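Data block below; observations after.
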Amino acid sequence: MGLIRNWRRRRLLQHNPLAAESWQALCAAVPLLACLSAAERERLRELATIFLAEKTLLGVQGHTLEEEHRQLLAALAVLPILALDSDWYEGFLEVIVYPDEFIPRHEVEDEQGLVHVRHIPLSGESWSHGPVILSWVDVEASMALDGYNVVIHEFAHKLDMLNGDANGMPPLHRDMRPADWTTAFRAAFEQLNFELEAGRETLIDPYAAEDPAEFFAVLSEVFFERPGDVQRGYPAVYEQLRTFYRQDPAARMQAVYGGS
Ligand SMILES: [Zn+2]
């Protein structure tokens, strides 16, 4: 299976990669991608080519995904796996795109065993063994370096789900220790909750305090978009994320923008 897939991918990249010119224009227009080196942008192009060939991007509720939109979505989606590889996004085939926030039908059971139907508008959602769902308005809002990035958020959940339910710890590399990850993230999670309870301004979206899975997803957004903030506010978490993603966005942005 793996051999055939790799052969297919090699053939795809040889014969049908995304056009270099439009790719460069796309990267130049998105500050998050403009700070990548030429070699990184080339690798991103390969991963995006494979992503678009292997995943079905489906616009719903009348939303049409033009080719440039497909490429933008793919570029943002594969940024987290830039230094990993396409296999990290296995286990799902579809990315569903709504024009704007969508209201899924969620049934939740309370402590008394009563089932309630929740109708909360969402900007994105990742299903275990199922699709990633995104609102296009929010994808477009993910282009500024403000720490908000629904695409990175949802795909971080996908990485987290590779080893079971989303719990804030994706499968770690061999050179990483789960205890180091847990210690760093637990301390930061407690710090955020303490700040919220004290009514203080927080470095990251308070939504991150929901649970460890949301904490990891929100911190992944900020790690790529405002890495200096994670490095200053949660240095041990920054080190874990840098080792996991095998990327150092703070150094990258410092070199290009002189800050983060
Ligand atoms: Zn989430």
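Rule-based calculations on the coordinates, nothing more; no lab input. Since we're looking at a predicted model, the values are computed, not measured. Every residue, glycine among them, receives a Cβ derived from its backbone with ideal geometry; neighbour counts consider all protein chains shown.
Rounded to the nearest 0.05, the FRET efficiency derived from the C-beta distance between GLU107 and GLN191 at R0 = 41 Å is 0.75. Note the full-extension length gain between VAL60 and ASP100 as 0.36 nm times their separation in residues minus their Cα-Cα distance, in nm to one decimal. Extending this stretch completely gives an extra 13.4 nm.
Among the GluC sites (Glu not before Pro) within the stretch 138-208, which fall in a DSSP loop and have no more than 10 other Cβ atoms within 10 Å of their own Cβ? Sites meeting the loop and neighbour criteria: GLU201. Computed about its Cα centre, the charge dipole of the stretch 106-230 is approximately 440 debye, with only Lys, Arg, Asp and Glu carrying charge at their Cβ. Here the contact order of the chain, divided by its residue count and restricted to Cα pairs under 8 Å and six or more residues apart, works out to 15 percent. From the alpha carbon centroid of the stretch 174-197 to that of the stretch 45-73 is 34 Å.
The gain in end-to-end length when the ARG177 to LEU13 segment is fully stretched comes to 55.6 nm, 0.36 nm per residue minus the alpha carbon separation.
Applying 0.36 nm per residue to the separation of ASP87 and ALA38 and subtracting their alpha-carbon distance, the gain on full extension is 15.3 nm. In the chain, Rg over Rh equals 0.96, where Rg is the alpha-carbon radius of gyration and Rh the Kirkwood radius from pairwise Cα distances.
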